[in-house]
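What follows draws every value from the coordinates through simple rules; no lab data is involved. What you see is a predicted model, and the numbers here were worked out from it, not measured in a lab. Neighbour counts run over all protein chains shown; Cβ positions are idealised from the backbone, glycine included.
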Amino acid sequence: RHVFTLTQFLSRNYAFGFAAYINQNFNRIISLDDLTHFAHVSKTTLIDLFKELYGTTPIRYLNNLRMEKARELLANSDLSIGEISELVGFQSIHYFSRSFKEREGCTPLCYRKTHQDSRYITLNSRPV
């Protein structure tokens, strides 16, 4: 059983609040300055607390969340790549496409083609 000091407890609650803020606003422009203003802590404190709890920086967490949401939308919707880019918080479809390809190893369109087919299930595989 781990006993927290008051400072550790408050710090963890701040970090959980940061993550909740990011999760609710991932589709908006969020900067490290926005997060420090939101929580009234320094950039260094914010990054250290966030890394301790989530193993990554707040901005990397944000970008991972955006990519996760983009993958879901590419596989499960018929929205255009531009619409998805905008919905997950990218200001430029070109930056979104480049970032997606760097992370996933393929373009958003290629990802959609390979993953959208898997949402259709054949129940009867025997010839009739």
Can you pull the semi-axes for region 51-91, root of five times each eigenvalue of the Cα gyration tensor, sorted largest first, whole Å? 24, 11, 4
Mind ordering 59-68, 38-47 by average Cβ neighbours within 10 Å, highest first? 59-68, 38-47
Calculated from backbone phi, Karplus (6.51, -1.76, 1.60) coupling profile of region 90-100 in Hz, x at Gly/Pro: 8, 7, 9, 5, 5, 5, 4, 4, 5, 5, 4
Where Lys and Arg each count +1 and Asp and Glu each count -1, what net charge lies around L79 among other residues with Cβ under 12 Å from its Cβ? -2
Rounded to whole Hz, the Karplus (6.51, -1.76, 1.60) HN-Hα couplings of region 41-57, x for glycine and proline: 10, 6, 4, 4, 4, 4, 5, 4, 5, 5, 4, 4, 7, 10, x, 7, 7
